[in-house]
Amino acid sequence: MKKYLKILKNTAMFSGISEEEIGSMLSCLGARLITYKKGEYVFRQGDEIGNITLLVEGSLLVQQDDYWGNRSILGKIEVGDLFGEAYIAKTGGPILNDVVAQTDSAVIFFDVLRVITTCSAACSFHSAVVKNLLFAVAEKNRTLVRKLSHISKRSTREKLISYLSDEAKKQKSSEIVIPFSRQQLADFLSVDRSAMSKELSKMRDEGLIRFKKNRFSLL
């Protein structure tokens, strides 16, 4: 787990805490490292979660399939991201989505009770972790609000414009790279892939965008 200390130091959860301090906290927080192969499930819909989870290698997809097998992608988890924290409360209930490894991945599980309960040493950096978690959850809520603003648009074009515009703001450039394939983007925006591809081609022909795979230029 030591090889991931630098990654942990740059996460929202451990912001302002040194690698040495993080290393000394891992056993205190009940940290466990689990690796997953591409396509393996980290969580399945209906699982109960009692840990705070943090991705330290690879990438994960949060997805949901309906009874007929139609898939919606709710988000992508990148290195350094927390996930599953919405379900750790006693009244949180079972998880409503699947979390699947998009690539070979490594996840650290932290015992939630050890995280939110200050240890006997009452170390200052443990208190900092609790404060950081509060801020991280607030940021996740803002991310959810942004996604809702995209999918609440009526047409496929409006959803695409909303999403691509938001990515341009986040990346501070009109030249952007999105984290999704075409099918994943369609699932994320809750639109039909073929209809979305046609709309992207129309937008390109109208001089609004250029694109190649997951690279876009907003004109």
Of the numbered conditions (1) of a type outside the set (F, W, Y); (2) under 24 Å from L96 (Cβ atoms); (3) touching a Phe, Trp or Tyr at 6+ places or on another chain (Cβ under 6 Å); (4) in a loop (DSSP other than H, G, I, E, B), I17 fails exactly one; give the number of that condition. (2)
Considering only region 26-45, state which residues are open to solvent by 30 Å² or more (accessible area, probe 1.4 Å) and more than 19 Å from the chain's Cα centre (by Cα). S27, C28, R32
Which listed residue, of I108, I151, I178, is of a type in the set (A, V, I, L, M), touching a Phe, Trp or Tyr at 6+ places or on another chain (Cβ under 9 Å) and under 16 Å from A12 (Cβ atoms): I108
Contact list, first residue from region 192-217 and under 18 Å from I73 (Cβ atoms) and without any contact (Cβ under 8 Å) to a residue 12 or more places away in the chain, second anywhere and among the basic types (K, R) and surrounded by 14 or more Cβ atoms within 10 Å (Cβ to Cβ), beta-carbon distance below 7 Å, six or more apart or interchain, is R193/R182
Residue that is modelled with the lowest pLDDT, among those in region 80-93 that are crowded, with 19+ Cβ neighbours inside 10 Å and assigned to a loop (DSSP other than H, G, I, E, B): G84
State which residue pairs qualify: first residue touching a residue at least 40 places away in the same chain (Cβ under 8 Å) and surrounded by 17 or more Cβ atoms within 10 Å (Cβ to Cβ) and inside region 57-79, second residue assigned to a loop (DSSP other than H, G, I, E, B) and of a type in the set (G, A, S) in any location, beta carbons under 7 Å apart, and separation of 6 or more residues or different chains. K76/S59
Here is a check on your reading of the model: is V107 open to solvent by less than 50 Å² (accessible area, probe 1.4 Å), in contact with a helix residue (DSSP H, G or I) (Cβ under 8 Å, 6 or more places away or on another chain) and not in a helix (DSSP H, G or I)? no
With criteria (1) farther than 28 Å from V191 by Cβ; (2) open to solvent by less than 70 Å² (accessible area, probe 1.4 Å), I116 comes up short on (2)
Restricting region 110-127 to residues that are touching a helix residue (DSSP H, G or I) at 6+ places or on another chain (Cβ under 8 Å) and outside any loop (DSSP other than H, G, I, E, B), the one modelled with the highest pLDDT turns out to be V115
With respect to G30, determine if the residue is in a loop (DSSP other than H, G, I, E, B) and in contact (Cβ under 8 Å) with a residue 60 or more places away in the chain. yes
Residue, nearest to V177 (Cα to Cα), within region 57-79, restricted to residues that are in contact with a Leu (Cβ under 7 Å, 6 or more places away or on another chain) and assigned to a strand (DSSP E or B): K76
State whether the residues of region 14-25 include one that is within 20 Å of V137 (Cα to Cα) and open to solvent by 70 Å² or more (accessible area, probe 1.4 Å). yes
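The values are calculated or read from the model by the stated rules, or taken from the named source; none is laboratory data. This structure is a prediction, so every number in the text was calculated from the model and none was measured. For neighbour counting, all protein chains shown are included, and Cβ atoms are generated from backbone atoms with ideal geometry for every residue, glycine included. Side chains are part of the model used for accessible areas, which takes the heavy atoms of the whole protein and leaves out ligands, DNA and RNA. Shrake-Rupley method; radii C 1.70, N 1.55, O 1.52, S 1.80 Å.
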